[in-house]
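Notes for the one structure printed next.
The values are calculated or read from the model by the stated rules, or taken from the named source; none is laboratory data. Predicted model only: the values in this text are computed from it and were never measured. Please note: Cβ atoms are built from the backbone with ideal geometry, for glycine as well, and neighbour counts cover all protein chains shown.
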Amino acid sequence: GENVGLHLPTLSVQEGDNSIINCAYSNSASDYFIWYKQESGKGPQFIIDIRSNMDKRQGQRVTVLLNKTVKHLSLQIAATQPGDSAVYFCAEKEKGGSEKLVFGKGTKLTVNP
Amino acid sequence: DAGITQSPRHKVTETGTPVTLRCHQTENHRYMYWYRQDPGHGLRLIHYSYGVKDTDKGEVSDGYSVSRSKTEDFLLTLESATSSQTSVYFCAISAQPEGPQHFGDGTRLSIL
């Protein structure tokens, strides 16, 4: 909801490890999901998306998994690099709804060299 | 990177003054959006546009107005700025509502 703390969840990993970032979404009518990466001082950058008729989608070094039963989305980053350090957040869009995306609050990923 | 330019990138102004932020795109996308980003909140939609002169309100539209007279430009206006409107403002574009939105690098607005 709106009344959450100012501190983002954090994930700290070693360079070369795999990272898993999780997102719980709220609307069972959502049928389109996106992961964004946001570096300090920059706008959100599109990483990968998935539609509800899929459970898994792979990109370059990234995989998104969708579990509609428990309304859970995850982003897996393989061989994490220092350049992957950023805030990652998911967004959902309701099927047949307006053009609006609903954004999560994000997870801060820190990659230690 | 999507061709999105936001201006200005930084602005400091006083309470009660009007402020206009500009978003310019070179992608010829139909849909454009204005968001604000504040600590403790996800991105929140202020207004969006689904075509020239076609706009609609988002979840936090009070105190803001928008205009879109050309496909490439989407303006956000704070008629009388208040301190609660201090935020980072992002513009986004998309070719279709079923696809991803692509963001500019934001305008950091401080209202004293």
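Worth a mention:
- Counting only strands (runs of 3 or more DSSP E) that fall entirely inside region A:51-113 and contain at least 3 residues that are within 14 Å of another protein chain (Cβ to nearest Cβ), the qualifying elements are A:86-94.
- Unique match (being within 25 Å of residue A:35 (Cβ to Cβ) and of a type in the set (A, V, I, L, M, F, W, C)) among B:21, B:43, B:75: B:43
- Taking the conditions (1) crowded, with 18+ Cβ neighbours inside 10 Å; (2) within 30 Å of residue A:52 (Cβ to Cβ); (3) modelled with pLDDT of 95 or more in turn, residue B:61 satisfies each one other than (1).
- Residues in region B:10-37 that are part of a loop (DSSP other than H, G, I, E, B) and within 19 Å of residue B:84 (Cα to Cα): B:14, B:15, B:16, B:17, B:18.
- Being out of contact with any helix residue (DSSP H, G or I) (no Cβ under 6 Å at 6 or more places or on another chain), hydrophobic (A, V, I, L, M, F, W, C), over 16 Å from residue B:102 (Cα atoms) and surrounded by fewer than 20 Cβ atoms within 10 Å (Cβ to Cβ) is a condition met by at least one residue of region A:23-38.
- Considered as a group, the residues in region A:19-46 that are of a type in the set (A, V, I, L, M, F, W, C) and more than 16 Å from residue B:105 (Cα to Cα) include one that is nearest to the other protein chains (Cβ to nearest Cβ), and that residue is A:34.
- Given (1) surrounded by 13 or more Cβ atoms within 10 Å (Cβ to Cβ); (2) at pLDDT below 95; (3) hydrophobic (A, V, I, L, M, F, W, C); (4) over 11 Å from the mean Cα position of the chain (by Cα), number of the condition residue A:89 does not satisfy: (4)
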